[in-house]
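Nothing in this text is a laboratory measurement; each read-out follows from the coordinates by a stated rule. Remember, predicted model here, so these are calculated numbers, not experimental data. No Cβ is skipped: glycine too gets one built from the backbone with ideal geometry, and neighbour counts run over all protein chains shown.
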Amino acid sequence: MSTTAVGLTALVVDDELPALSDLDYLLGRDERIGEVITASSGTEALQVLDSRDVDVVFSDISMPGLDGMALARVIARFTVRPQIVFVTAHDEHAVDAFALAATDYVMKPVRAERLGEAIRRVVAAKDERPSGTADPVAAAIEDETIPVELGGVTRFITRTQVRYVEAHGDYARLHTEKGSHLVRVPLSVLEERWGEFGFVRIHRSTLVALPHVSEVRMDRGRCAVLVGDVELQVSRRHTKELRDTLLRRPIGDRRPVGG
């Protein structure tokens, strides 16, 4: 059954009353929202979450005491977790929001159209949840939205657009068809997080998305993969692992590994 048939239960968290009231009003006007609960602090939000089920938390980031990021980290430990949408006046936290698997990142002042898009993403993630899966966050990352900085502006790409990833210290560079983006997430974190979606390690500094691999080349015992018009070398250490994975998964299969 579609989520919109019953409406989402939304929790709004903001220490500034005008912002809290505005978001409460805007969410209340959307037919996809069944109930809106408000909290003026992260601590109050946790009390709400302890007493009842919530589908999505719309949280400010800069709050005294338990701020939005800290609140999200606590929620990440829940067995059944609501989705997180950050609503903030500051764009410098976008990359951190990605690391916490936030469904969306909405800038203040909030426009009704932009909020509507955030709700659409929440509904889509919830409706696409695999049968028997109790965790809304698991569904939210089926095609994860990733905030990236481009010319001082926060843009969004999706995980399925990422062809391969290169390590840059504690950062990672995500390569898409149209360019590349540096995000503050270690390669090891992405390997663990995206492994089930077809991303495999081919070198100590490289992850590749198998759905984007068009060719595997062997030359004098050296292995390379072709992704678009880019040839990526596979280390000797990872060649056998890659070959075994590809034997189980035909090139061009865009389903997640194990799907």
Show which lysines lie in cross-link reach of K108 when reach means a straight Cα distance below 24 angstrom and same-chain residues fewer than eight apart are skipped. none
C-alpha center-to-center spacing [region 18-61, region 173-198] in angstrom: 31
Full extension between R77 and A89 adds, at 0.36 nm per residue less the Cα distance, a length in nm of 1.7 nm
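Extension gain K240-S40, at 0.36 nm per residue separation less the Cα-Cα distance, in nm? Could you put the intermediate results ahead of the total?
On the way: separation 200, 0.36 × 200 = 72.00 nm, distance 5.40 nm.
Gain on stretching K240 to S40: 66.6 nm.
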For V87, what residues show an amide H to amide H distance below 5 Å, using hydrogens built from the backbone and excluding near sequence neighbours? S59, D60, I61, V106
Separation between the E149 and D127 pseudo-spin-labels, each 7 Å from Cα along Cα→Cβ, expressed in nm? 3.6
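As an exercise, use a Förster radius of 25 Å and the Cβ-Cβ distance of D219 and E191 to find the FRET efficiency, rounded to the nearest 0.05.
Working: r = 26 Å, r/R0 = 1.04.
The calculated FRET efficiency here is 0.45.
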